[in-house]
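The values are calculated or read from the model by the stated rules, or taken from the named source; none is laboratory data. This structure is a prediction, so every number in the text was calculated from the model and none was measured. All Cβ positions, even for glycine, are placed from backbone atoms using ideal geometry, and neighbour counts span all protein chains on display. Side chains are part of the model used for accessible areas, which takes the heavy atoms of the whole protein and leaves out ligands, DNA and RNA. Shrake-Rupley method; radii C 1.70, N 1.55, O 1.52, S 1.80 Å.
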Amino acid sequence: MTTAVVTGTGVVAPNGLGTGEFWSATLRGENAITPIDRYDTAQFPSRLAGQVRDFDAAGQLPSRLLPQTDRMTRFALAAADWALAEAALGGETDRTGLGVVMAAGAGGFDFGQSELQNLWCKGPDHVSAYMSFAWFYAVNTGQISIRHDLRGPTGVLVAEQAGGVDAIAQARRALRGGAAAVLTGGMESSLCPYGMAARVAAGRLSNRDDPRRAYLPFDSDANGHVPGEGGAVLVLEDETRARARGATVLGEIAGYGTAFDPPPHSGRPGNLGRAAELALADAGLTTDDVDVVFADADGSAEQDSAEAETLVRLFGPYGVPVTAPKTMIGRLCSGGAPLDVVLALLALREGVIPPTTGVTPGHPLDLVRDRPRPFDGTTALVLARGTNGFNSALVLRGRGKDHK
C-alpha cells in the first residue's frame with residue numbers, strides 16, 4: 001500500500017514567513033496576536049488578530065497575478081512555491097500525475113469586500129472581472145494548479161478548521177489512486193470588516209483587548225478565540241517514489257479519521273474522540289503509541305471542556321503531552337491544522353514539543369506550557385474541529401532528523 005510522506009513545506013504565518021522562521025518563532029514563544037491595524041475597529045467587539053507582517057506579494061509573485069488574486073491566494077501561491085522548492089520537485093515531465101487539494105473556509109473576503117464597495121459606491125462598471133473567481137473557495141486550488149501546470153487530481157475541502165486535515169487526507173487518497181505527488185494544506189485571510197463581521201456573528205470570538213489574555217484554551221479564564229490569517233502548503237508523495245529520487249522525508253501521514261457530531265441539544269456527546277480512534281485504527285496504532293497531541297483548542301469553556309474530556313477518556317488524566325501553539329497566532333480556520341501538522345512533524349524530527357503560551361490549565365491535561373519540552377517521540381496526533389460539527393484527526397509518524 002502507498003505510504004504518504006511529506007517532502008516539502010511552505011508556511012505563511014503571523015509569526016513567520018517560511019517554515020524555518022515559523023518554527024524558530026514558535027519555539028521562542030513569540031506572541032504574534034496584536035490589535036488589528038488594517039481598518040477602524042471601534043465598532044467591533046473583537047479587535048485582535050494574528051496578522052501576517054512583511055509579506056511582499058510583489059516580490060514573490062508575477063505582477064500579472066496581483067490584480068486577480070485575494071490576499072489568501074497570494075499567501076497560498078508563495079507557500080506552494082516554497083514547498084515545491086523544498087521538495088525539489090520541479091523536473092517532472094508527466095504533469096498528469098501531479099495534483100493539488102486545498103482546504104478553504106472563508107474564501108477571498110478581502111477581494112470581495114473591495115469589489116462590493118466599488119459596486120455600491122461607483123457602480124457595476126467598476127467591479128473587477130476577476131471577482132467572478134477571486135472570492136471563491138476553490139480559487140487557491142485553481143491558481144496553484146495553473147501556476148505549476150499541475151494536471152492531476154484536484155479538489156477543495158470546506159469544513160472550517162477541520163478542513164485542513166481533510167484536505168491532507170484527500171491528498172493521501174489521491175496518491176493511493178496513482179498520483180505521483182500532491183500539494184495540499186489550507187490558507188486563509190479574512191481580517192477585513194466584511195470577514196470580521198461574519199466571525200463576530202458566529203459568537204465565538206474573544207472580546208478582550210489584552211493580547212496576552214484574549215485566547216486562553218483550556219484555561220478557566222477562557223473567553224473565546226482570536227482569529228488569524230495564513231496557513232501551510234505541504235508536498236505529499238509515496239515514500240518509495242520519494243526515496244528513489246533522493247528526496248528528504250519529513251514524516252508520514254499514517255492515519256486519518258473523521259466523524260460528525262450529533263444534532264445540537266440532542267444530549268449525545270460529540271465525536272472528536274471517534275475521529276481520533278478512527279485515525280489511530282487507520283494507522284494500526286493505539287493510544288499507547290501516541291507521544292504528543294496537538295489540540296484543536298477552541299478557546300471557549302464548553303468546547304475546551306469537551307475536548308479535555310475526550311483526551312482524558314482516550315489517554316487518562318495527564319496521560320500524554322498536549323500542546324496548542326496556536327495561542328501565539330490565533331485560529332486560522334482551514335489554515336490552522338496544516339500549520340499544526342508542520343509543527344508536529346518538526347517536533348518529531350527535532351525531539352522537542354513547541355509550547356502553549358499564557359495558559360493556566362483548568363483541566364487534567366499535561367499541557368506543554370510556555371517553553372519547549374524535549375521528548376523522544378515518534379508519533380503525533382493532530383485534532384481539528386470545524387463549526388457545526390466537523391471533527392477530524394490525523395496521525396503522523398516521524399522519520400528522524402537525517403532520514404532520507
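Table for the structure above
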item	result
Sulfur and carbon atoms: percent of accessible area, region 131-247 [1.4 Å]	52 percent
Solvent exposure, largest accessible area first (probe 1.4 Å, DNA, RNA and ligands not counted), of Glu21, Glu160	Glu21, Glu160
For region 348-387, convex hull volume per residue from C-alpha positions, Å³	109 Å³
Sequence of Tyr194, Tyr318, Tyr39 from largest to smallest accessible area, 1.4 Å probe	Tyr318, Tyr194, Tyr39
Probe 1.4 Å, accessible area per residue of region 218-257, Å²	25 Å²
The chain - share of DSSP beta bridges that are antiparallel (%, nearest 5)	65 percent
Percent carbon-and-sulfur accessible area, region 16-127, ignoring ligands, DNA and RNA, probe 1.4 Å	50 percent
Alpha-carbon centroid distance for the pair region 271-335 / region 41-97, whole angstrom	29 Å
Backbone N within region 149-176 under 16 Å of label point (7 Å from Ala202 Cα along the Cβ vector)	157-166
Percent of Cα pairs exceeding the 19 Å cut-off, where the set is region 332-404	45 percent
Calculated FRET efficiency for the pair Asp125/Glu309, C-beta based, R₀ 45 Å, to 0.05	0.20
Per residue solvent-accessible surface (Å²) - region 268-404, probe of 1.4 Å	35 Å²
Proximal charge balance of Asp209 [Cβ under 14 Å; K/R count +1, D/E count -1]	+2
Apportionment of accessible area to carbon and sulfur, region 283-392, percent (1.4 Å)	46 percent
Environment charge of Met196, counting only residues whose C-beta is closer than 12 Å and scoring Lys/Arg +1, Asp/Glu -1	0
Net length gained if the chain between Ala88 and Asp209 were fully extended (0.36 nm per residue, minus Cα distance)	39.2 nm
Total formal charge among the other residues, if their Cβ is under 13 angstrom from that of Pro227, Lys/Arg +1 and Asp/Glu -1	+2
